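Notes follow the structure.
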Amino acid sequence: MMTSSDAVNSLSEKIHPACLDHELLLKDCQIQNVRRSGPGGQHRNKVETGVVIKHHPTKILGEASEKRQQGRNRSVALFRLRINLALQHRIHEIPKSASNLWQRRIYNGTIKANSEHDDFPALLAEAMDTLAYYQFDLKQASEYLKCSASQLIKFLKKEPRAFALLNQKRNDLGLHALK
């Protein structure tokens, strides 16, 4: 993860925002505390425990209000923002090889990643950027990422919206849908 805002500014087209350190990502965000209705009783309706985080450069949101503590909702909203960035924002250039983070998660062609782990949005962004770069050709993308095509599909299915997006893009390009 990047740790210098100068580096982020000079490499803004090469580094996906979902891969940034939390503090650097939040520098480009607006955080709004909100009141939400629903279960939770009087406490929920009186206190602004809900959190909405908006990433200004992309206008992408992450929000959470299901927890009673604002701090927990902020963490969940930030994670959701990073997932939404991974799904909705593309970097059009990819490096010569997969990132160190990705390489550390590959074991004998198998991707080891939990969809709730803090690294998951960065891994998802890298997978989606790679697929977009290779025009959603699963074979080329999986060769670049040093995993099998079936492992890449299994990884994307951990975030159903990513798998649906992959099939939508493949359909737009006249390629068959994946199962």
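Surrounded by 21 or more Cβ atoms within 10 Å (Cβ to Cβ), among the hydrophobic types (A, V, I, L, M, F, W, C) and over 18 Å from residue 26 (Cα atoms): is that true of residue 132 in this structure?
Working: surrounded by 21 or more Cβ atoms within 10 Å (Cβ to Cβ): no; among the hydrophobic types (A, V, I, L, M, F, W, C): yes; over 18 Å from residue 26 (Cα atoms): yes.
No; evaluated as a whole, the condition is false for this residue.
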statement: Counted residues in the stretch 137-148 being in a loop (DSSP other than H, G, I, E, B) and either among the hydroxyl-bearing types (Ser, Thr, Tyr) or crowded, with 22+ Cβ neighbours inside 10 Å (or both) come to 2
- request: Tell me which residues, restricted to the stretch 9-43, are closer than 22 Å to residue 121 by Cα, at pLDDT 65 or above and of a type in the set (D, E, K, R).
  value: 14, 21, 23, 27, 28
message: The conditions are (1) modelled with pLDDT of 95 or more; (2) in contact with a helix residue (DSSP H, G or I) (Cβ under 9 Å, 6 or more places away or on another chain), and residue 168 fails exactly one of them. Which is it?
response: (2)
message: I'd like the residue in the stretch 113-136 that is among the aromatic types (Phe, Trp, Tyr) and either touching a Lys or Arg at 6+ places or on another chain (Cβ under 8 Å) or not in a helix (DSSP H, G or I) (or both) and, out of all such residues, is farthest from residue 178 (Cα to Cα).
response: 120
- prompt: Regarding residue 178, is this residue part of a loop (DSSP other than H, G, I, E, B), crowded, with 16+ Cβ neighbours inside 10 Å and in contact (Cβ under 8 Å) with a residue 12 or more places away in the chain?
  reply: yes
query: Since residue 65 meets every condition but one in (1) surrounded by fewer than 20 Cβ atoms within 10 Å (Cβ to Cβ); (2) among the hydroxyl-bearing types (Ser, Thr, Tyr); (3) in the same structural domain as residue 25 (by TED's automatic domain parsing), which condition does it not meet?
result: (1)
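Would you check which residues across the stretch 59-105 are part of a loop (DSSP other than H, G, I, E, B) and closer than 20 Å to residue 34 by Cβ and list them? If you could, list the steps in order and put the result at the bottom.
Just the residues of the stretch 59-105 that are part of a loop (DSSP other than H, G, I, E, B), to begin with: 59, 65-69, 89-99, 105.
Matches in the stretch 59-105: 59, 65, 66, 67, 68, 69.
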query: What do you reckon, is residue 126 crowded, with 16+ Cβ neighbours inside 10 Å and among the acidic types (Asp, Glu)?
result: yes
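The values are calculated or read from the model by the stated rules, or taken from the named source; none is laboratory data. No experiment lies behind these values; they were computed from the predicted model shown. Here the Cβ is made from the backbone with ideal geometry for all residues, glycine too, and neighbour counts use every protein chain on show.
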